[in-house]
Amino acid sequence: MKDYVDAFVSAFNGTVSWTWKSILFDVPWYLNYFWGLILISILVWILEIAFPWRKEQSIFRKDFWLDFFYMFFNFFIFSIIISGVYEVIGLLFAQFNITAKSLAIVDMSNWSSPLQLLVFFVLLDFVQWFTHVLLHRYKFLWNFHKVHHSVKEMGFAAHLRYHWMENVLYKPLKVLGVMILGGFEPEQAYIVHFAAIAIGHFNHANIKITWGPLKYIFNNPVMHLYHHAYHLPKGKHGVNYGISLSLWDYIFKTNYIPEDSGNIEIGFKGDDNFPKSFLGQNSYGFRVKK
């Protein structure tokens with residue numbers, strides 16, 4: 001038991017220390033996710049202000065500051081809280097001889113750096129796409145995912161507005177994806193992580209971008225707005241599940257873009273009764289009536 005407690009405390013303290021050092025610019029700039037998130041957010045927000053898609057939407061749209069808090073809570077605060085738990089789980093796996101090598105399907109450690117990054121990016125994005133589908137398909141999971149869909153005016157900060165349980169659901173599957181690659185994460189993986197943040201911010205921004213012919217590969221604000229549409233096609237649990245890539249939606253026929261005016265109602269049936277506060281939203285999934 002002592003080993004588990006020590007592992008939990010060590011991981012927790014390590015994450016706190018790294019986050020604090022990031023704030024103080026005491027880590028390599030390319031690994032500084034704290035200021036990297038702020039920089040990306042400011043740049044995308046400036047584009048929203050300069051080139052607004054929905055011109056009637058305020059610069060400080062509805063729930064702007066709530067979503068701003070969600071960004072830092074989900075990306076840093078909760079990561080600190082949960083870091084020790086993941087370390088303990090890793091030790092438990094080791095007790096049963098479940099290691100990266102035992103689950104590995106592909107070993108890409110000797111591949112070229114560009115190919116490593118590409119495979120890493122595509123595999124993790126597919127894992128997140130699949131998880132996203134599950135969040136919409138099963139009611140228990142949907143009750144947590146409603147937090148993200150409670151956004152009524154879309155903007156960049158809505159990207160990281162989600163229930164903390166989604167961290168719990170996404171992280172193990174992403175780790176599994178890495179283990180399939182022999183537990184190998186490319187040295188330049190920070191490029192993939194920052195790219196995912198930037199694409200996610202763009203997808204939720206009040207900007208009309210479709211990327212031209214690349215729309216069949218990369219997700220975009222027009223496509224993702226319809227993911228948040230209040231009125232979905234009949235019989236559909238959701239559409240446009242893509243995180244960074246739209247590719248999966250076109251492959252599995254979950255794509256849906258009937259028009260591109262941007263003037264649609266977003267949310268879900270019954271969202272007028274959904275909690276408006278951070279605490280209310282993050283306890284909702286546990287107390288919702290069956």
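Of all residue pairs spaced 6 or more apart or on separate chains, those with beta-carbon atoms under 8 Å, a first member in the stretch 1-27 that is at positive phi and a second member that is not hydroxyl-bearing (S, T, Y) are F25/N32; F25/W35.
Scanning the stretch 174-231 for residues that are without any contact (Cβ under 8 Å) to a residue 40 or more places away in the chain, over 30 Å from R61 (Cα atoms) and in a loop (DSSP other than H, G, I, E, B) yields no hits at all. Within the stretch 20-75, the set of residues being at pLDDT 95 or above, assigned to a helix (DSSP H, G or I) and polar (S, T, N, Q) comprises S22, S41. Which members of the stretch 132-173 meet the condition of being in contact with a helix residue (DSSP H, G or I) (Cβ under 8 Å, 6 or more places away or on another chain), under 26 Å from E265 (Cβ atoms) and β-branched (V, I, T)? Hits for the stretch 132-173 are V147, V151. On inspection, I38 does not qualify as without any contact (Cβ under 8 Å) to a residue 12 or more places away in the chain, exposed (fewer than 13 other Cβ atoms within 10 Å of the Cβ) and aliphatic (A, V, I, L, M). Within the stretch 135-164, the residues that satisfy the criterion of being assigned to a helix (DSSP H, G or I), out of contact with any His (no Cβ under 9 Å at 6 or more places or on another chain) and either hydrophobic (A, V, I, L, M, F, W, C) or on the phi > 0 side of the Ramachandran plot (or both) are F140, L141. Within the set P258, P275, the sole residue that is over 18 Å from V147 (Cβ atoms), out of contact with any Lys or Arg (no Cβ under 7 Å at 6 or more places or on another chain) and outside any helix (DSSP H, G or I) turns out to be P258. Restricting L134, L160 to those that are under 11 Å from the mean Cα position of the chain (by Cα), within 22 Å of Y86 (Cβ to Cβ) and hydrophobic (A, V, I, L, M, F, W, C) reduces the list to L160. Only one of the numbered conditions (1) over 18 Å from L118 (Cα atoms); (2) touching a Phe, Trp or Tyr at 6+ places or on another chain (Cβ under 8 Å); (3) at pLDDT 95 or above is violated by I199, and that is (1).
Pairs are defined by a Cβ separation below 8 Å, a sequence spacing of at least 6 or placement on different chains, a first member in the stretch 143-155 that is closer than 12 Å to N282 by Cβ, and a second member that is among the small types (G, A, S) and in a loop (DSSP other than H, G, I, E, B); the pairs so defined are S150/G267.
Here K253, K236 are screened, and the one residue that is at pLDDT 95 or above and farther than 30 Å from S109 by Cα is K253.
The values are calculated or read from the model by the stated rules, or taken from the named source; none is laboratory data. The structure displayed is predicted, hence computed values, not measured ones. Because the Cβ atoms are built from the backbone with ideal geometry, glycine has one as well, and the counts that use them run over all protein chains shown.
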